[in-house]
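The next block holds one structure in the form of structure tokens; read it before the comments.
The values are calculated or read from the model by the stated rules, or taken from the named source; none is laboratory data. Since this is a predicted model, take the numbers as computed values, not measurements. A quick note on method: Cβ atoms are made from the backbone with ideal geometry, for glycine too, and the neighbour counts reach across all protein chains shown.
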Amino acid sequence: MHKVQTGPAIGFLAQVVLLAGLDRTAGLGGAGWLVGLTFGAALCGLLTWGMHRSGAAHLGPADWVTLARSVLVGGVAALTADSFDLPVPVRLLVILTIVALVLDGVDGQVARRTGTVSALGARFDMEVDASLLLVLSLYAAHRFGPWVLAIGLMRYGFVVATWLLPWMQATLPPRYWRKVVAATQGVVLVAASAGIVPLPLMVTALLIALALLVESFGRDVLWLWARRAPGWAIRSVLESK
């Protein structure tokens, strides 16, 4: 039990340390502290649950990289929460985001080179990616409007759809294009957050990024639809009664 909880607990402690550092350098407000601590606590709880469910006794080398990345995402979330009421240091937010994006290309390499690839690690990596895109889209919505939230919410919409439609619960095959599209969203949202690109050009880039995301998720949905089990609709109706 102690070994299982060590990694997540260290992650939460690191989150608190990062928030304290941000408070000292940027002056976090109440919203930033609340969101940052909530993010860290949720991370600790969900990761502990995932380790119990998968039977993992400890985090692998790549998982520690992903954990560090998730702590950075918590810092970005804290600054984003404060940005609704207070001016925040955009440069600091962008730096944290860039480091998190760079580390996204590291954890997979570490897992493969150390032979520690796991379903838990892949899921952990995916959820950290999704949370970062959601936080960045929230921040970008300040300048570009609520439609940008579609970029951050699409992954969660897909998850909800899998709860409602049994045929979407099948395991998707690996596809490198998903990683390319996810990386594109991150780069475009960082540029949008930095505010260094002219507005018309940035809106165009965001629309292209959103179109790529729709194409990627749409391809997955069509793949699942084409391979749905015969009679799934009838069975799902009968099972609900």
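The figures follow:
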read-out	value
Selection count where residues are touching a helix residue (DSSP H, G or I) at 6+ places or on another chain (Cβ under 7 Å) and aliphatic (A, V, I, L, M), scope the stretch 203-220	7
Verdict on Ser70 being of a type outside the set (Phe, Trp, Tyr) and more than 27 Å from Thr184 (Cα to Cα)	no
Within the stretch 188-200, considering residues that are closer than 14 Å to Tyr139 by Cα and of a type outside the set (Ser, Thr, Tyr), the one modelled with the lowest pLDDT	Gly195
Test: residue in the stretch 78-97 that is outside any helix (DSSP H, G or I) and crowded, with 19+ Cβ neighbours inside 10 Å	yes
Boolean, Ala62 is assigned to a helix (DSSP H, G or I), over 17 Å from the mean Cα position of the chain (by Cα), among the aliphatic types (A, V, I, L, M) and modelled with pLDDT under 95	no
Residue in the stretch 99-110 that is farther than 19 Å from Leu43 by Cβ, modelled with pLDDT under 95, in contact with a Leu (Cβ under 8 Å, 6 or more places away or on another chain) and not aliphatic (A, V, I, L, M) present	no
Residue under evaluation Trp163, criteria (1) modelled with pLDDT under 95; (2) of a type outside the set (Asp, Glu); (3) surrounded by 12 or more Cβ atoms within 10 Å (Cβ to Cβ), criterion not met	(3)
One residue from Ala42, Ala57, Ala68 being loosely packed, with under 15 Cβ neighbours inside 10 Å and closer than 17 Å to Asp129 by Cα	Ala42
Those residues of the stretch 113-161 which are closer than 17 Å to Gly50 by Cα and among the hydroxyl-bearing types (Ser, Thr, Tyr), in sequence order	Thr116, Ser118, Ser131
Every residue from the stretch 132-178 that is touching a Lys or Arg at 6+ places or on another chain (Cβ under 9 Å) and either over 22 Å from Leu224 (Cα atoms) or among the polar types (S, T, N, Q) (or both)	Leu132, Leu133, Leu134
